[in-house]
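Peer 1: Dropping the structure in here first, questions after.
What follows draws every value from the coordinates through simple rules; no lab data is involved. Since this is a predicted model, take the numbers as computed values, not measurements. Glycine also receives a Cβ, built like all others from the backbone with ideal geometry; neighbour counts cover every protein chain displayed.
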Amino acid sequence: MGERTANVQDADFSATVIALAGIIAARRTADPESSYTARLLTSQPDYLLKKLVEEACELTLAVKDADHEHIRYEAADLVYHLLVLLQREGVSLAELAGELQARMK
């Protein structure tokens, strides 16, 4: 687990995710030596997949501990790595939203 984020304030989820997805897309052309995101986008697929599983496990453990701040922290890690995976695989946020909306019956 990384260092917990200090001074977290509530924010608009949609705007935040859209902005983060844009940053991730822009990092596709960054130097993998200096950008963790670029490294995730350009490395062997297993590297990113392992990170995604790791973050899901860490979130699960945080939930078992009923640690609210830890849950928030690990959920953010999981969402970030999921957004990187979607960018890598060419799945847009609009496609994801369409999939989720189609399930809301």
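Peer 1: What size of dipole, in debye to the nearest 20, comes out for the chain about its Cα centre when the only charges are +1 on Lys and Arg C-beta atoms and -1 on Asp and Glu C-beta atoms?
Peer 2: My answer is approximately 320 debye.
Peer 1: Just want to confirm a number: the relative contact order over segment 28-105, from Cα pairs under 8 angstrom separated by 6+ residues, in percent.
Peer 2: Relative contact order for segment 28-105 comes out at 25 percent.
Peer 1: Follow-up. Per residue Cα convex hull volume for the chain, in cubic angstrom?
Peer 2: 135 Å³
Peer 1: To continue, here is another question. Taking all pairs of distinct Cα atoms, average 1/r, flip it, and tell me the Kirkwood hydrodynamic radius of segment 13-61 in Å to one decimal place.
Peer 2: The answer is 12.0 Å.
Peer 1: Once the convex hull of the alpha carbons of segment 60-105 is built, what does its volume come to per residue, in cubic angstrom?
Peer 2: 93 Å³
Peer 1: Continuing with the same structure: Stretched out fully, how many nm does the piece from Ile23 to Glu3 gain, at 0.36 nm a residue minus the Cα gap?
Peer 2: Difference between extended and current length: 5.0 nm.
Peer 1: Computed FRET efficiency, Cβ-Cβ of Arg103 and Asp67, R0 22 Å: what is it to the nearest 0.05?
Peer 2: E(calc), rounded to 0.05, equals 0.15.
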